[in-house]
Every structure is written in C-alpha cells, then in structure tokens.
Amino acid sequence: NWNDNQINNLKLYSDLIKNWDIHCKDYTSCCNYWPPWMRDRLIYCDPPYLINSHLYSGHSAFNKEVDAFWKWCKRTNCPILISYNNVKTPLDDEPEFKRSIFDLKYSMVTQGEKYDKDGKEVVIWSGY
C-alpha cells in the first residue's frame, strides 16, 4: 500500500530518526533489555485493539493477554507511548498516564467483515 509520496516522505523522516535505536520485542522484555542508565528510552506499544469482532473478543487467551498488558503498563518504570482505539482503558484513571484523541480514519477487514471505526484513535503516554 505504499505510494510515491509515502516513499518520498521516508527520505524526510530518515534524518529525524537517524539516531533512534529501534527494537522489535515483546513488551514484557523491554525494560529488562536495557541497562538502568538507558531506562529513559521510550517504549512504543501498539496492542491489539478492543473491537467487537470474533477476531479478538470472547477469546479467553486474548483477554488474559490484554489484562496482562495493562497491568504491565501500570507497573513499568519506563516511559510508554500506546496507540489504541478510542475506548475506555484501565489506564484512564491512572494520574501518571495522559491521553490525547486524534481524528484518524482507519478500517479493519477480516474474513469478509469490515469494521470501519468513527475515525478516532487515542494515544496514551507516561513518563514525559
């Protein structure tokens, strides 16, 4: 789904992110991965969205993973940035977590069913 503009934008962003240290890891290992002097590094998390779909909802293994993720967010000492769909989360009542809502059009298609959201996504962060 890449077009010429998106490819050209990568050239612009490359200078901004040239000093980034990017890792793809399970969230549970992130803070353990870094030595203490590096624990101010931001962790970006993009967990599965809470949607009314057979893809996620109602599966006990999925629900346990989601619960474990939110509990980890509350107890970690590292700065976190989370993108999520605009629903209530267990972090909403936690004072150290901030929340911003963005107009962002996205849709999800799975097994012939289309879930087209109302265009809102939330970013939740702590530590900055």
Would you please list the contacts, defined by Cβ atoms under 7 Å and residues six or more apart or on different chains, that run from a residue in region 11-25 that is of a type in the set (D, E, K, R) to a residue that is surrounded by 10 or more Cβ atoms within 10 Å (Cβ to Cβ)?
-> Lys25/Tyr33
Expected single match for part of a strand (DSSP E or B), in contact with a Phe, Trp or Tyr (Cβ under 8 Å, 6 or more places away or on another chain) and modelled with pLDDT of 80 or more among Tyr84, Tyr44 is Tyr84
Name the residues in region 74-95 that are open to solvent by less than 90 Å² (accessible area, probe 1.4 Å) and in contact with a helix residue (DSSP H, G or I) (Cβ under 9 Å, 6 or more places away or on another chain), would you?
-> Thr76, Cys78, Ile80, Ile82, Thr89, Pro90, Leu91, Glu94
Among the residues of region 91-104 satisfying the criterion of being in a loop (DSSP other than H, G, I, E, B), of a type outside the set (A, V, I, L, M, F, W, C) and within 15 Å of Trp125 (Cβ to Cβ), which is farthest from the chain's Cα centre (by Cα)?
-> Pro95
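Let's see how each residue does on (1) assigned to a loop (DSSP other than H, G, I, E, B); (2) modelled with pLDDT of 70 or more:
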| site | (1), (2) |
| --- | --- |
| Trp2 | yes, no |
| Asn9 | no, yes |
| Tyr13 | no, yes |
| Trp20 | yes, yes |
| Val66 | no, yes |
| Asn77 | yes, yes |
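The values are calculated or read from the model by the stated rules, or taken from the named source; none is laboratory data. Keep in mind that this is a model prediction, so the values were computed, not measured. A quick note on method: Cβ atoms are made from the backbone with ideal geometry, for glycine too, and the neighbour counts reach across all protein chains shown. Protein only, heavy atoms only, side chains kept; ligands, DNA and RNA dropped before computing areas. Shrake-Rupley method; radii C 1.70, N 1.55, O 1.52, S 1.80 Å.
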